[in-house]
């Protein structure tokens, strides 16, 4: 009689596979995927382990951002939703939330993370809980809900600081805090956390994070209206081809500030092309706003108004009420300055409604 592989042995290998995925070790992840699939052919019957396998396989596919493949795997998982225990439900919602985050559907990601959080107490791994807090904080940051960002990041830090091997994650957390305080216009606190992050990044030799922090310092100086310093940092980051869609947006803003429209529009054109290449609708719309705010006065109500409404509707429908508020207010002020009082009133009202929705 053939000896079947014990379900707990497969489950242990699945856990190792999941660890390799979390660590971003693609080679090890592929090896363990093959090992698990071999073991499954002779495993004793156990529905929970089979569901665990399907969930980790789905998480594995997220490494490659192959959304056609992940969607296909998800279709096999969804009908089995009611058969999952509390721990598997956590993974189900958590991984789906990560999927939506990668697609930049932040409101949907937050809804899924909220469902996952209901099962958080079932997690045996404290680091896993910290990682969940970090990812929720990242969603709140993108939705410009900075106080909630800080709340979740401090929860993550309180766990990570217990474990010396997680210094890189502490650096990541300080970076997010810097960005959050930047959103709150608390520039000194933002700079402090960026510097904390940079020191840790130097200590552990993380050059990618150091470049990211140079970008964030460029962002910081942009927000402080120190255009020349911002352009200095951002130009160096652009040379390293880091997050070009965002760098082009910030550089365009700063060149507009110093009156260099030629370089501003060069960055807008380049940024839009990058957005199309990487399918980033959000920053395509940010770049579009820069164009609309620079429109000639005689086109503000004949053409630009309708285009601005479409852009603002995009931000509102995707949960970016903070951007809806900022851009509505800026455009309303531009209209008012050019004596289009009725149209200005419309956009002041949009700003008011957006501020209420983000409160």
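The values are calculated or read from the model by the stated rules, or taken from the named source; none is laboratory data. The model shown is predicted, which means the values in this text are computed figures rather than measured ones. Note that we place each Cβ from the backbone using ideal geometry, even for glycine, and neighbour counts take in every protein chain shown.
For region 132-139, indicate whether the set of residues that are in contact with a helix residue (DSSP H, G or I) (Cβ under 9 Å, 6 or more places away or on another chain) and modelled with pLDDT under 90 is non-empty.
The answer is no, given that none of the residues of region 132-139 is in contact with a helix residue (DSSP H, G or I) (Cβ under 9 Å, 6 or more places away or on another chain) and modelled with pLDDT under 90.
Tell me yes or no: at least one residue of region 123-130 is more than 29 Å from residue 179 (Cβ to Cβ), outside any loop (DSSP other than H, G, I, E, B) and over 20 Å from the mean Cα position of the chain (by Cα).
The answer is no, given that none of the residues of region 123-130 is more than 29 Å from residue 179 (Cβ to Cβ), outside any loop (DSSP other than H, G, I, E, B) and over 20 Å from the mean Cα position of the chain (by Cα).
For region 1-55, which residues satisfy the criterion of being touching a helix residue (DSSP H, G or I) at 6+ places or on another chain (Cβ under 8 Å), within 27 Å of residue 126 (Cβ to Cβ) and not in a helix (DSSP H, G or I)?
46
I want to confirm something. Restricting to region 50-73 and keeping residues that are touching a residue at least 24 places away in the same chain (Cβ under 8 Å) and either farther than 21 Å from residue 32 by Cα or within 20 Å of the chain's Cα centre (by Cα) (or both), which single residue is surrounded by the fewest Cβ atoms within 10 Å (Cβ to Cβ)?
In this case the residue turns out to be 65.
I'd like the residue in region 140-157 that is modelled with pLDDT of 95 or more and either out of contact with any helix residue (DSSP H, G or I) (no Cβ under 6 Å at 6 or more places or on another chain) or in a loop (DSSP other than H, G, I, E, B) (or both) and, out of all such residues, is surrounded by the most Cβ atoms within 10 Å (Cβ to Cβ).
151
Of the residues 240, 270, 224, 261, which is at pLDDT 95 or above, surrounded by fewer than 16 Cβ atoms within 10 Å (Cβ to Cβ) and at negative phi?
After applying the criteria, what remains is 261.
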